[in-house]
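Below: one structure, written as structure tokens.
The values are calculated or read from the model by the stated rules, or taken from the named source; none is laboratory data. Because the structure is predicted, anything quoted here is derived from the model rather than measured. We place every Cβ from the backbone using ideal geometry, glycine too, and count neighbours over all the protein chains shown. When the accessible area is computed, the model is the full protein with side chains, heavy atoms only, and any ligands, DNA or RNA have been set aside. Shrake-Rupley method; radii C 1.70, N 1.55, O 1.52, S 1.80 Å.
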Amino acid sequence: MKKGKGSSSLGSKESSGRPSTAVLVFKKCARFADSSESAEIQQDGKEQLPERQDSLDAKESAGMEKEAISNQPLKDEPSKDEPNQSEGTAISTIPAIDKLRRFCFIGSTDEPVYTTPALDLVVENNFASLKELCSQVSEDELVECLLSVLGSEPNEEQPPRPDEPLLILAVFFTTCEDEKKRNAVRNRFTDLITSESDLLLFVQLVKRVQKLLERKTPFNRTVRKAVLNWYGTKSLDRLLHFWSIGDGNRWPAHRDLLYRLHFRHANFLPEIIAALRLLSSSPKELSQWPDFLTPLTSFRETIEGVVKLRLLTDPEQAISIVKKLSLSWEHVPFHLLHDPRLAHFLIPHMSYEQLLQKWPRLSRLNSRVRPFAEQLLDKKKLKASNVPPVRLLLEDMRLRKPKKVVNQLVLPSSLKNKNTFKFQCATTSFQKASFLHSVYEISFGLNKALGRRLHITLNLEQAYLGKYLSGPCRSLKYLDALVALGFGYFRSDRKVTVEFWHDRSGKLKALPWTNEMSVSEAKTCCENQKVGKVRQSLNEILFRALLDMQNTFDVFLVLVPGAARGNPENNSKCLAALMDKYREKRNSNAKFIMVSLRQRQRSMIYSSGRNENLLELCSLDKHTPRLINAFVRNKFY
């Protein structure tokens with residue numbers, strides 16, 4: 001990938017007597033101060049903050065030389081009360097394994113930027129870099145990295161989706177030429193792929209990579225052996241469970257896959273072969289109990305019951321089968337839940353996460369099924385599920401998207417053919433009322449705390465508060481997204497400072513949020529600040545933090561329409577230099593996170609060769625809070 005301007009790494013040159021590059025850039029950034037007088041820190045702990053200039057000499061650091069930087073592995077997650085280190089914080093390059101770990105979380109190897117992912121673009125744009133990185137790491141490193149994000153062990157900071165780590169595995173299997181390495185990773189395949197959906201997604205990604213390489217076969221022998229072994233090592237009960245859940249519409253994918261694996265020639269037990277044929281057969285084919293199911297005779301009643309459910313057209317007949325076989329909602333085709341009696345029987349046993357996943361379709365039953373409403377409004381279950389307010393707001397947005405209706409003017413028949421008469425068709429937008437919005441309002445303060453000292457900075461310009469986001473969230477207002485994310489952290493964590501730019505000076509002012517406020521009051525508080533045009537300066541945040549001797553922060557969270565404003569040269573050099581200074585002087589574990597709510601692409605050029613401890617999240621999606629939490633806990637750079 002071609003390096004953009006300003007992406008050279010920062011370091012110190014030991015052979016010369018000159019100060020380090022980071023110090024030079026820091027001095028350059030300090031020239032933003034409006035006042036010519038230097039700021040002094042009083043002995044009693046009070047501070048005199050520097051004012052900022054409106055201009056910057058952009059050519060001062062253009063000739064900085066690239067430095068040799070020593071490798072530094074990813075640090076373990078610090079404890080909440082870990083003391084600050086007085087020693088200087090080393091500026092480190094990013095090892096190949098940590099670039100792969102970053103890709104697992106944000107789908108990017110060279111830049112700390114997360115954008116709404118698209119599967120096709122992820123495969124095509126990242127194949128070359130993933131192939132190179134996979135060749136640079138050992139098999140043990142790769143397996144350990146993928147196990148941490150794909151394995152069956154409980155992992156609170158699991159990546160938002162399995163696509164990226166599975167793509168790494170697909171690229172490795174299709175491009176690695178070292179047979180020993182391939183076999184070592186293949187032997188851990190069953191530990192990495194823990195669900196049926198992950199297996200089918202992995203095979204799909206392998207096919208995409210093979211197509212990109214212009215190969216004739218959908219997968220190679222290594223993948224064939226790994227997938228066949230995955231099926232063969234599963235217990236009979238596990239295979240029957242895979243078959244019984246859902247609507248039974250995945251059998252074509254299994255049939256195609258098992259056919260290419262030649263599973264009937266494998267050395268499997270007869271009941272395993274029968275279970276695999278069951279998994280790859282249509283419900284209509286199974287309704288007559290074919291001969292190949294003879295080894296599964298002991299499960300015949302249950303199998304025939306599930307098949308009958310999938311072929312039912314009358315939902316009212318389903319409840320008797322469900323009660324007789326003690327089936328859960330997972331075994332019932334979702335369209336049958338339109339029967340109120342069946343829904344009333346099954347929905348109370350669904351977890352909160354399962355309710356949210358099925359919310360768009362279950363919402364139609366809200367008026368008829370009381371337990372559904374009771375579960376969503378149960379604060380104990382909401383707190384136990386640890387659902388962030390952003391997730392609930394986005395789920396609510398999906399059903400509250402404005403619908404446009406064309407209002408046509410009805411004319412008398414005598415006027416319809418007259419050319420002199422002109423009329424217009426007006427469009428009216430309306431939003432469907434959503435029950436989930438009330439759940440969103442009570443969710444603040446119920447999710448788990450981040451456990452860090454936060455400094456949150458907001459851009460509250462009136463010109464943006466009423467505007468909408470872009471992309472998939474284009475029906476969501478900027479102010480709603482800002483409050484959902486910022487006020488969510490404010491209510492869940494104890495040590496939080498919230499400030500905003502209040503005028504053209506670039507200075508920050510405290511926002512008077514309180515823990516007793518509701519979400520509507522928090523929104524009103526933002527609107528009441530009456531902020532006009534401001535000078536949005538990201539560097540000002542760290543300038544003030546360096547001079548603030550009374551408070552030390554672990555995380556700087558910045559919520560803005562776009563992070564490009566107030567950033568010299570659209571480059572991360574100055575911001576990274578200030579972060580280096582803050583980590584050296586105040587907190588060696590500090591992180592800086594920007595959420596560009598109205599952007600769908602990066603706002604500046606970042607260094608691809610070193611860890612700048614910066615992260616930019618573009619727009620908003622349900623993964624945003626989890627990515628913030630994972631980055632803060634050093635799960636990735």
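When the alpha carbon coordinates of region 442-633 are projected onto the principal axes, the ranges are 41, 33, 32 Å, largest first.
In nanometres, what is the gap between the two model label sites at Thr190 and Ala253, each 7 Å from Cα along Cα-to-Cβ? Result: 2.2 nm between the two label points. Quotient of the Cα radius of gyration of region 93-233 and 2.2 N^0.38 Å, N being its number of residues: 0.96. Checking the cross-link pairs Lys131/Lys234; Lys507/Lys573; Lys207/Lys622; Lys380/Lys622; Lys530/Lys581 against a 32 Å limit on the alpha carbon distance flags Lys530/Lys581 as lying beyond it. Relative protection proxy for 105-112, 312-319, 196-203, 256-263, from highest mean packing down: 105-112, 196-203, 256-263, 312-319 (other beta-carbon atoms within 10 angstrom). Here the 3J(HN,Hα) profile of region 378-384, calculated from phi with Karplus coefficients 6.51, -1.76 and 1.60 at θ = phi - 60°, is 6, 5, 5, 5, 5, 5, 5 Hz, Gly and Pro shown as x.
In order along region 211-224, the Karplus-derived 3J(HN,Hα) couplings, from 6.51 cos²θ - 1.76 cosθ + 1.60 at θ = phi - 60°, round to 5, 5, 7, 6, 9, 7, 8, x, 7, 8, 5, 4, 5, 4 Hz, and Gly and Pro are given as x. With 0.36 nm allotted per residue and the present C-alpha distance subtracted, the Ser518-Ser235 stretch has 96.8 nm of extension available. Taking every C-alpha pair closer than 8 Å and separated by at least 6 residues, the mean separation divided by the residue count of region 93-233 gives a relative contact order of 24 percent. Our note on the geometry: Cα centres of region 209-247 and region 573-603, 42 Å apart.
In this structure, the amide hydrogen of Val332, modeled 1.01 Å from its nitrogen in the peptide plane, lies closer than 5 angstrom to those of Gly246, counting only residues at least 5 positions away or on a different chain.
When a 1.4 Å probe is rolled over the protein heavy atoms, the share of accessible surface on region 93-233 that falls to carbon and sulfur comes to 43 percent. Summarising the label geometry, the points placed 7 Å from Cα in the beta-carbon direction at Asn551 and Arg494 lie 1.7 nm from one another.
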